[in-house]
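Below: the structure, in structure tokens.
The values are calculated or read from the model by the stated rules, or taken from the named source; none is laboratory data. Only a predicted model underlies this, so the values are computations on that prediction, with no experimental measurement involved. Cβ sites come from the backbone with ideal geometry, for glycine too, and all protein chains shown count toward neighbours.
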Amino acid sequence: MKNLFYIVDRIEGSYAVLEDKEENIINVEIINIKGDLKEGTVLYKKGDLYFIDEEETKKRNEEINDLLKGLWED
């Protein structure tokens, strides 16, 4: 079975608002997410729980930083 991946869009109270690659939005209780949660974190779902994908989160952050650098370079 293929894992489903999500990005943490924001945290609202006891819920994390997640977005998938098709831009669908879901609300998940934070107690169902394992790890140090923050906006922009990449998660994968396994069963009823969500786990942080450290490698994909790091890769995504590097891509965003590269794009931001390009905005300020001449």
Query raised in the report: Taking the stretch 49-58 as the region of interest, how many residues are within 12 Å of residue 7 (Cβ to Cβ), part of a helix (DSSP H, G or I) and among the charged types (D, E, K, R)?
Result: 1
**Report entry** Boolean, residue 28 is surrounded by 11 or more Cβ atoms within 10 Å (Cβ to Cβ), over 12 Å from residue 4 (Cα atoms), within 11 Å of the chain's Cα centre (by Cα) and modelled with pLDDT of 95 or more
**Finding:** no
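Any idea how many residues of the stretch 47-58 are surrounded by 12 or more Cβ atoms within 10 Å (Cβ to Cβ) and not aromatic (Phe, Trp, Tyr)?
To start, the set of residues in the stretch 47-58 that are surrounded by 12 or more Cβ atoms within 10 Å (Cβ to Cβ) comprises 49-54, 56-57.
Restricting the remaining residues to those that are not aromatic (Phe, Trp, Tyr) gives 49, 52-54, 56-57.
Going through the stretch 47-58 one residue at a time, the tally reaches 6.
Filtering the stretch 1-25 down to residues that are among the aliphatic types (A, V, I, L, M) and modelled with pLDDT under 95, which residue is farthest from the chain's Cα centre (by Cα)?
Of the stretch 1-25, the ones among the aliphatic types (A, V, I, L, M) are 1, 4, 7-8, 11, 16-18, 25.
Next, only the ones that are modelled with pLDDT under 95 stay: 1, 4.
On the way: 1: 20, 4: 11 Å.
Looking at residues that are among the aliphatic types (A, V, I, L, M) and modelled with pLDDT under 95, I get 1.
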Query raised in the report: Hey, any hits in the stretch 62-72 for a residue that's free of Cβ contacts under 8 Å to residues at least 60 places away in the same chain, part of a strand (DSSP E or B) and loosely packed, with under 12 Cβ neighbours inside 10 Å?
Result: no
Query - Any pair with Cβ under 6 angstrom, 6 or more apart, that starts in the stretch 29-44 at a residue that is closer than 16 Å to residue 15 by Cβ and ends at one that is part of a helix (DSSP H, G or I) and at pLDDT below 95 - result: 41/57
